[in-house]
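Student: Provided herewith is a single structure, encoded as structure tokens, for subsequent inquiry.
The values are calculated or read from the model by the stated rules, or taken from the named source; none is laboratory data. Worth saying up front: this structure is predicted, and the values here are computed from it rather than measured. Here Cβ is always computed from backbone atoms with ideal geometry, including for glycine, and neighbour counts include all displayed protein chains. The area values use the complete protein model at the heavy-atom level, side chains included, leaving out ligands, DNA and RNA. Shrake-Rupley method; radii C 1.70, N 1.55, O 1.52, S 1.80 Å.
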Amino acid sequence: MILRQKLLFAFFLLILINSTNVFAVESGFYLLDREPLVRIGLETDATSVLITTSDTSLVVVNDKTSSLSLGTTSLRIASRNYSPPQYEIYRFEIPNLTSREAADQLAQKIRQENAENAVVLYSDTENTFKIRIGGDKNILADAKDYQAVLTEKGILGVEIVTEKYTLPSEDAIELTQQIAANPKSEVRSLFELNITNQNLPLVQKTALSKPVRNNKNAFVNPALREVIVSGNSEASRFTSLKSVVIGSVSQRGAPVKLNGKSYRGMMEISVNSRGRLTVVNVVPMEDYLLGVVPSELSLPQLEAQKAQAIAARTYAVANVNGYKDKGFDMVDTVWSQVYKGVSIESKMGTQAVLQTRGMIATYKGKPITAYYTSTCGGRTEDSENIFDHAEPYLRGVNCSLEGNAHFLPFLLKSSRELADIKNESNYELVRLAAKYSVNNFLFVTPRFTDQYFEDAPNETELKSWLNQLAVKFGKPFPQFITKDTAKPLLLAKVLSDMIYDDPTQADTLLSESDINYQLSFLDGGEVPREMRPILASLMRDGWFSIYSDLTLKPQKHFSRAKILRLIDHIYSKKKWDFSFDSGEAKPTEDGKLVLRVGKSEKEIVVNPNVYLFRKFGDEFYQVKEAALLGGEKVNYKTDASGGVIYLEIEPTDKTTVAERDSSFTLWNKTLSPAAIRSTLSRFVNGLGTITDLNIAKQGFSRRATDLEIITTNGTFHLKGGKIRSGLRLNEQLFVINKRYGSNGQVTSYTFTGRGWGHGVGMCQYGAYGLAKMGVKYDAIIKHYYTGVDVTKAY
């Protein structure tokens, strides 16, 4: 196991040391020779950090040619000022000789009589001569012993002269040169370049650089600081002017923790230009994405998360050295991509990363700048209108599929024939007949037409309708129903027997004048005497009706339309209602009606020949198919087996685009002129009192791309993505509503808008919506990024 761990660590370091080769072949494919590393700046202003692991030990790579197991699972890292080590050497001199001749004679005597080296030197400061005897000593005790030896030899007046010097390390000198060569860089630790050694043994001690005499008193930058590593073992305590790389032994196993938060890969710690610590997580691309995809898009659709993985991977590849002067590629926030390490990893996110390994989006063989936004408001925008640089693949697109294709996954369909109605007054009967049909009223026709409603019902239909009325009234089924029962007087007799308990009630309680009064329509005199009280009673109590031309036409059969309206009128007077269920629809799934029930969902199978109605304006119309995207109010009835046999849909007023599940699809914000001036003053200089605000120009998506600001100091313009930042709005896809005071001046501006974010590139909620519709990850990528290819880069 230990050998395996060592090999894993060595493999990781091999990747770390060798730069990644990139080449684009003529066919336009973009290839990398291996999985790249990503450098994420986690800390840029730390005074100290704690690095821990749950593995057997932390490992440090100090010179990137060997690694050291530190024998500890916890390290505290800080920084301190670098001070070059100071040394003393001791020389032996006879000073203050007034003439060169005397000095030369004495020096010659010492050489001849005492066999000691003696050199005459001139002292500029004192204008005298001196003799330096013997060699230098590094230890004071040795110097004193040698002085005593010289005295014993008769060489008098010898003084010990002490000389102090610094001996900075080669690292200090090289770091000083590195800073001088690139003063704009914020990195103040030594980074080794052009390392070709690929043999990385796990050794027992570090090979820290040592001072050499050639560096005596060499200049070093006085602001140098060194990293201090402190642990509970001897091997884990050291200082370094180089960046220090720390990881756990099994790199793609146990994570390393920074201040308690777990990350894969390694931690590279260096000193920055502020004298504080910069901590960079150096991690293989695929491991990095495990902590990005769930952070950026956790919505539960695998294809959407796979699209997010490709976008995030592409963004990372395209942004190598994005923060070059700070020593890393990206940060872990929305300024690059949100990265939360191991804690955010999820099963679906990991699956999305694994299933798209190495895949990126390219345009003409090059990785794209894969911008993405939370909620695009229904349309994305051309990049130059937000970021001031035009990219052919960052074109504004609708957050939906083309035309009716967008609604296909949500369609409910009916095999029932549509009504064929030319007479508009008959159209209400279609819905009415459908309601009665699913409540045991028989209609003998495969299709409702004008002719069907204008004809008299047949005997079977009439029996069904009147029997159902009898049930509601609690009376026995009427006897001797024939087709002629559809004639007004026979029908009146049947209804009277249902409505009134005493069949003699009308004749007993109505006088002749009462009857004549109720039957004073044009052909009322044609009503036979025995039927006059019955009909008068029904007319008086509102249970019966005549034609619009003030006639009854006693010998003419009532049409189906006439009788159906009459029955519905009776239901209304009795306040009877059919047992329809209602609810709020969720998006249709596999042709099933999905209803929201509290916090849960209920799926109901829809019968193939369902009566299907959809509201257009204020009226319901029979349709062959209807899309339920979620939020629609529905009324429905099921049969004995639980299948939906009648369904009417009231469309939602919510957006229908793919991002419709976002809570940011619509928002409002009201600001006073003073508040607007306060926020805009950070972006526009010289503003006076704001007197008006207008959208001067819009982009493809109708986003404001030029904001006109009229003030007492003149007219100013704010353009591009600064508009959203300047106004501190969720998005810049908005309209402005103004409220005026009594003096005619604007007192407030209400911004009504859609979306959240910059609005360029892939819409994350839109990707989720498309994935729910069955759109695959590569099609999602190609929908939002115009003209791109999805390429296997490694």
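Student: Please go through (1) in contact with a Leu (Cβ under 8 Å, 6 or more places away or on another chain); (2) closer than 26 Å to residue 660 by Cα; (3) among the β-branched types (Val, Ile, Thr) for residue 781 and return the number of the only condition it doesn't satisfy.
Tutor: (1)
Student: Further question on the same structure: Taking strands (runs of 3 or more DSSP E) that fall entirely within segment 53-96, which contain at least 1 residues that are at pLDDT below 90 and closer than 30 Å to residue 125 by Cα?
Tutor: On the way: elements: 58-61, 67-69, 74-81.
So the answer is none; nothing clears 1.
Student: List the number of the failed condition for residue 481; all other conditions in (1) within 21 Å of residue 571 (Cβ to Cβ); (2) in a helix (DSSP H, G or I) hold.
Tutor: (2)
Student: So, of the residues in segment 420-447 that are of a type in the set (Val, Ile, Thr) and touching a helix residue (DSSP H, G or I) at 6+ places or on another chain (Cβ under 9 Å), which turns out to be most open to solvent (accessible area, probe 1.4 Å)? Break it down into steps so the answer makes sense when it comes.
Tutor: First, pick out the residues of segment 420-447 that are of a type in the set (Val, Ile, Thr): 421, 430, 438, 444-445.
With the extra rule that they be touching a helix residue (DSSP H, G or I) at 6+ places or on another chain (Cβ under 9 Å), the set shrinks to 421, 430, 444-445.
Details: 421: 33, 430: 1, 444: 77, 445: 38 Å².
Applying the filter and picking the extreme gives 444.
Student: Let me ask another. Here is a check on your reading of the model: is residue 394 open to solvent by less than 60 Å² (accessible area, probe 1.4 Å) and either in contact with a helix residue (DSSP H, G or I) (Cβ under 8 Å, 6 or more places away or on another chain) or in a strand (DSSP E or B) (or both)?
Tutor: Details: open to solvent by less than 60 Å² (accessible area, probe 1.4 Å): yes; either in contact with a helix residue (DSSP H, G or I) (Cβ under 8 Å, 6 or more places away or on another chain) or in a strand (DSSP E or B) (or both): no.
So residue 394 does not fit the description; no.
Student: Now, a different point. Answer with yes or no whether residue 41 is in contact (Cβ under 8 Å) with a residue 60 or more places away in the chain, surrounded by fewer than 19 Cβ atoms within 10 Å (Cβ to Cβ) and not acidic (Asp, Glu).
Tutor: Values: in contact (Cβ under 8 Å) with a residue 60 or more places away in the chain: yes; surrounded by fewer than 19 Cβ atoms within 10 Å (Cβ to Cβ): no; not acidic (Asp, Glu): yes.
It is false that residue 41 is in contact (Cβ under 8 Å) with a residue 60 or more places away in the chain, surrounded by fewer than 19 Cβ atoms within 10 Å (Cβ to Cβ) and not acidic (Asp, Glu).
Quick grid of which residues meet (1) touching a Lys or Arg at 6+ places or on another chain (Cβ under 7 Å); (2) among the polar types (S, T, N, Q); (3) surrounded by 15 or more Cβ atoms within 10 Å (Cβ to Cβ); (4) assigned to a loop (DSSP other than H, G, I, E, B):
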{"position": "655", "(1), (2), (3), (4)": "no, yes, yes, yes"}
{"position": "661", "(1), (2), (3), (4)": "no, no, yes, yes"}
{"position": "665", "(1), (2), (3), (4)": "yes, yes, yes, yes"}
{"position": "674", "(1), (2), (3), (4)": "no, no, no, no"}
{"position": "739", "(1), (2), (3), (4)": "no, no, no, no"}
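Student: Hey, among 454, 417, 402, which residue is surrounded by fewer than 16 Cβ atoms within 10 Å (Cβ to Cβ), modelled with pLDDT of 95 or more and more than 30 Å from residue 547 (Cα to Cα)?
Tutor: Working: 454 fails: more than 30 Å from residue 547 (Cα to Cα); 402 fails: modelled with pLDDT of 95 or more.
Only one candidate qualifies: 417.
Student: Right, next: If I go through segment 376-390 residue by residue, how many of them are assigned to a loop (DSSP other than H, G, I, E, B) and either in contact with a Pro (Cβ under 7 Å, 6 or more places away or on another chain) or farther than 16 Å from residue 765 by Cβ (or both)? If you could, list the steps in order and put the result at the bottom.
Tutor: Taking segment 376-390 first, the residues assigned to a loop (DSSP other than H, G, I, E, B) are 376-378, 380-383, 388-390.
After this cut, where a residue has to be either in contact with a Pro (Cβ under 7 Å, 6 or more places away or on another chain) or farther than 16 Å from residue 765 by Cβ (or both) as well, the list is 382-383, 388-390.
The number of residues fulfilling the criteria is 5.
Student: Is it the case, given these coordinates, that residue 109 is among the basic types (Lys, Arg), open to solvent by 20 Å² or more (accessible area, probe 1.4 Å) and either more than 30 Å from residue 80 (Cα to Cα) or part of a helix (DSSP H, G or I) (or both)?
Tutor: Working: among the basic types (Lys, Arg): yes; open to solvent by 20 Å² or more (accessible area, probe 1.4 Å): yes; either more than 30 Å from residue 80 (Cα to Cα) or part of a helix (DSSP H, G or I) (or both): yes.
For residue 109, the condition - among the basic types (Lys, Arg), open to solvent by 20 Å² or more (accessible area, probe 1.4 Å) and either more than 30 Å from residue 80 (Cα to Cα) or part of a helix (DSSP H, G or I) (or both) - is met.
Student: So, in segment 691-737, exactly how many residues are surrounded by fewer than 21 Cβ atoms within 10 Å (Cβ to Cβ), part of a loop (DSSP other than H, G, I, E, B) and among the charged types (D, E, K, R)?
Tutor: Looking only at that region, the number is 2.
Student: Scan segment 511-534 residue by residue and report those that are farther than 18 Å from residue 501 by Cβ and aliphatic (A, V, I, L, M). Quick ask: steps written out before the conclusion?
Tutor: At the first step, the residues of segment 511-534 found to be farther than 18 Å from residue 501 by Cβ are 511-532.
Scanning segment 511-534 gives 515, 519, 522, 527, 531.
Student: Only one of (1) over 49 Å from the mean Cα position of the chain (by Cα); (2) over 19 Å from residue 645 (Cβ atoms); (3) of a type outside the set (Lys, Arg); (4) outside any loop (DSSP other than H, G, I, E, B) is not met by residue 456, so which one is it?
Tutor: Just one mismatch for residue 456, condition (4).
Student: I would also like to ask the following. Provide a single number: the residues in segment 499-517 that are surrounded by fewer than 19 Cβ atoms within 10 Å (Cβ to Cβ), outside any loop (DSSP other than H, G, I, E, B) and not charged (D, E, K, R).
Tutor: 6
Student: A follow-up question, please. The conditions are (1) within 60 Å of the chain's Cα centre (by Cα); (2) over 23 Å from residue 620 (Cβ atoms); (3) outside any helix (DSSP H, G or I), and residue 442 fails exactly one of them. Which is it?
Tutor: (2)
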